[in-house]
Structure formats: structure tokens, C-alpha cells
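Q: Below you'll find the structure I mean.
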Amino acid sequence: MKRRLLSLFCLALAGCIDVNVGLGDRRSDYTEKVVDGGADAKAKIALLDVEGVLTSEHSESIFGSKESQVVALVEKLKLAEADPDVKAVLVRIDSPGGDVTTSDILYHELAGFKSRKKVPVVAAFMGVAASGGYYLASAADAIVAHPTSITGSIGVISIQVSLAGLLDKIGVKVEAIKSGANKDMGSPFRAMTDDDRKLLQALIDQFYARFVSIVADGRKGRLTEAQVKALADGRVYTAQQALEAKLVDRVGYLADAIAEVKSRAGLDQAKLVIYSRRPGRIDNAYSGAPSAEAFATGDLEQARKLLGFHCYYLWEPYLLGK
């Protein structure tokens, strides 16, 4: 019996058969779960998690699935917006960032929610809230960073891998039939030209300018755009350094972030609620509520994408070090 199970598992890994490991229906509705606060309190603070490399893609593995962060955040924001008892939102971020468009969509959705709902939004930084993670937090009214958080990395990166030299050595030639000289710009199969670098740098510069503008708008009254640009050379900051640079408003633990959002909402008592697909597994505020409780494959997918031309609001050493 053990041999048979082992054989089935190996076949599954090889992609020969499909396996349903019974992790539940990821398409099921979210359920509200109270994780902190008095049971008698009517007012609610919605705690929303944004974790991992930011991507709009849904990923699958034999163990389950990982839902797109965009889909998950938008669903939860809709629930919070429709609930008149939700008086504030706390966005807990633990992410090195991700692709440019996903980071921008998440920011746009959170900013739109705040504008419509007109409730305080506070970002709580956990282990890492860098690049696109910080970009998202720019939509919040205030940022509380855990004492050991790493943040910053304001900038854009695109890693270009050239296989041209290797292909020459092994006698492989790749020819592109193209409609214009720049159609295969950034291809790993040929060396990059000076014109390629100029064109690609122009793209990077535009995305960078948008990042700086977004941060300056979010830190209005605390940092000017010129001051943001001086801080935005791609470096990361500790929580204390970020506080001194005015990139965050407070250094503290999750309880301090909850106190901050309560104060901004004018609440003495409030329930802290999360939206989970598997509420029975959540014990307290630190348990989190990922949109799909499964093994994440998104980071590996992002690593694979580095072979092509993609622009990222991403702290790249975090990804490659995993």
C-alpha cells in the first residue's frame, strides 16, 4: 500500500495524473471571523493581508492553489465597503513587491476604496514591505512598521539575461523574423545594443517617476517629491531608519497598528475581523487569512519570468535569496 501511494505521488509530481488533496473549494465565499476585540463591540476594523510576491496571476500546484492578490484584495475590499459596521481598515503587508502593474492595481483599488468608504486606512508592515509593497502602502493614511521590518527599495528593476555567448559556444543560432528592428528588444538570445539600453531605460525611468509621484502624494505634508527622490535610490531601510526618513509614521507591533487605526477612526472599542475561506483555522490576529491555504508557487513563477523583459517594483535580492 505504501509503495502504491509513493508511486501515485511520484506520478503526480511528474505531471502524469491530477491529484485533489481536499484543500477545499477555493471559490467558496469568504467568511468573516472575529480575531480580536470585545464581542459586544459593534464597530469593526477589517484586517486585510497582502503577502508574498505581488502578481495578478493565479498559480496552481498539486497541493492546491494560490489566488491572485488582486482578486483576493478586491473581494475583501468589497466586503468591507458593503458592511456599514466597518469603520476602518488595517492592511497588513509582508511583501518584497512584484510586477509594476499588479502593484499599481492594488494601490488603485485601495485608494478607491478609501475615497468611497471614507474611513481611515492604516498599513502595518511586517517582515518585508519593500518596493511594490511600499507602493501599495502609499494609499494608506498612516504606516506602522514592525521594529524588525525591512522597507523602502523605491525603484524599478528589469533583469536582462543574455544567452548569446553560450549559444555561440554550443553552435545554436536563433534568428528572429521581425517587423521592426526593436521587436526582439530585450531578447535573451541576442546581445543588447546601445539603442536597446536607451529604449528600455526610458521605460524604467517612466515607471520610476510614477513610483516617486505616488509615494510623494502618499507622504504629502511629510515629504516633498524632491525628498522622496533623494530616498528612492533603491536602497532598503530598517523600520527605525524609515521612521527617521519619514517613510513611516510609527514603529511598533500589530497592537500598536490596531491602536493607531482605532485612534484615527475615533473608536474606543472595535472588533478586529478578517475575511477567510477557512475561518476555523484562524486563532488570533497573527494567524492571517491568506486567500488560498496551500503551498505558494508564485515566487518560483516570478523567478522564471526574470529570463524575459519585465519591469518590477521589487526588492530583487529577497526573491533570489529564497
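Q: Would you tally the residues in segment 87-99 being at pLDDT below 95 and surrounded by fewer than 24 Cβ atoms within 10 Å (Cβ to Cβ)?
A: The qualifying residues number 1.
Q: Can you pull out the helices (runs of 4 or more DSSP H) entirely within segment 132-247 that have at least 2 residues that are under 30 Å from Lys117 (Cα atoms)? Can you show your working first?
A: Details: elements: 132-137, 164-169, 194-218, 225-231, 239-244.
In segment 132-247, 132-137, 194-218, 225-231, 239-244 are the helices (runs of 4 or more DSSP H) which contain 2 or more residues that are under 30 Å from Lys117 (Cα atoms).
Q: Assuming Gly155 fulfils every condition listed in (1) over 26 Å from Arg264 (Cβ atoms); (2) more than 16 Å from the chain's Cα centre (by Cα) apart from one, which condition is it?
A: (2)
Q: Which residue is surrounded by the most Cβ atoms within 10 Å (Cβ to Cβ), if the candidates are limited to segment 195-235 and must be polar (S, T, N, Q) and closer than 22 Å to Ala123 by Cα? Don't jump to the end; show me each part of the working.
A: Let us first name the residues in segment 195-235 that are polar (S, T, N, Q), namely 201, 206, 213, 224, 227.
Then drop every residue that is not closer than 22 Å to Ala123 by Cα, which leaves 213, 224, 227.
Details: Ser213: 14, Thr224: 12, Gln227: 16.
My answer is Gln227.
Q: Scan segment 139-151 for residues that are under 19 Å from Leu110 (Cα atoms), touching a Phe, Trp or Tyr at 6+ places or on another chain (Cβ under 8 Å) and surrounded by fewer than 23 Cβ atoms within 10 Å (Cβ to Cβ) and report the count.
A: Residues meeting the conditions: 1.
Q: Hey, does segment 283-306 have a residue that's modelled with pLDDT of 75 or more and either under 17 Å from Lys76 (Cβ atoms) or over 17 Å from the mean Cα position of the chain (by Cα) (or both)?
A: Here is the first cut: in segment 283-306, the ones modelled with pLDDT of 75 or more are none.
The answer is no, given that none of the residues of segment 283-306 is modelled with pLDDT of 75 or more and either under 17 Å from Lys76 (Cβ atoms) or over 17 Å from the mean Cα position of the chain (by Cα) (or both).
Q: Given the conditions (1) more than 28 Å from Leu223 (Cα to Cα); (2) at pLDDT below 95, and given that Ile157 satisfies all but one, which numbered condition is not satisfied?
A: The failed condition is (1).
Q: May I ask you to list the residues in segment 81-100 that are in contact with a helix residue (DSSP H, G or I) (Cβ under 7 Å, 6 or more places away or on another chain) and either among the small types (Gly, Ala, Ser) or over 18 Å from Val122 (Cα atoms) (or both)?
A: Once the filter is applied, which keeps residues that are in contact with a helix residue (DSSP H, G or I) (Cβ under 7 Å, 6 or more places away or on another chain) and either among the small types (Gly, Ala, Ser) or over 18 Å from Val122 (Cα atoms) (or both), segment 81-100 yields Ala88, Ser95, Pro96, Gly97, Gly98, Val100.
Q: Quick one: would you say Leu203 is of a type outside the set (S, T, N, Q) and either touching a strand residue (DSSP E or B) at 6+ places or on another chain (Cβ under 6 Å) or closer than 20 Å to Ile105 by Cα (or both)?
A: Working: of a type outside the set (S, T, N, Q): yes; either touching a strand residue (DSSP E or B) at 6+ places or on another chain (Cβ under 6 Å) or closer than 20 Å to Ile105 by Cα (or both): yes.
Criteria met by Leu203.
Q: What pairs come up if the first residue lies in segment 158-186 and is closer than 30 Å to Gln206 by Cβ and without any contact (Cβ under 8 Å) to a residue 24 or more places away in the chain, the second is surrounded by 14 or more Cβ atoms within 10 Å (Cβ to Cβ) and of a type in the set (Phe, Trp, Tyr), and their beta carbons are under 8 Å apart, counting only those six or more places apart or on different chains?
A: Here the result reads Val174/Phe189; Ala176/Phe189, each pair linking segment 158-186 to a residue that is surrounded by 14 or more Cβ atoms within 10 Å (Cβ to Cβ) and of a type in the set (Phe, Trp, Tyr).
Q: Filter segment 101-121 down to residues that are in contact with a helix residue (DSSP H, G or I) (Cβ under 6 Å, 6 or more places away or on another chain) and of a type in the set (A, V, I, L, M, F, W, C) and give me whichever is surrounded by the fewest Cβ atoms within 10 Å (Cβ to Cβ).
A: Applying the filter and picking the extreme gives Ile105.
Q: While we're looking at this one, here's another question. If a residue must be crowded, with 16+ Cβ neighbours inside 10 Å and not in a loop (DSSP other than H, G, I, E, B), how many such residues does segment 260-269 contain?
A: First pass over segment 260-269, keeping only residues crowded, with 16+ Cβ neighbours inside 10 Å: 260-262, 264-265, 267.
If we keep only those that are not in a loop (DSSP other than H, G, I, E, B) too, we end up with 260-262, 264-265.
Result for segment 260-269: 5.
The values are calculated or read from the model by the stated rules, or taken from the named source; none is laboratory data. Because the structure is a prediction, the values reported are computed rather than measured. As a convention, Cβ positions derive from the backbone with ideal geometry for all residues, glycine included, and neighbour counts pool all protein chains shown.
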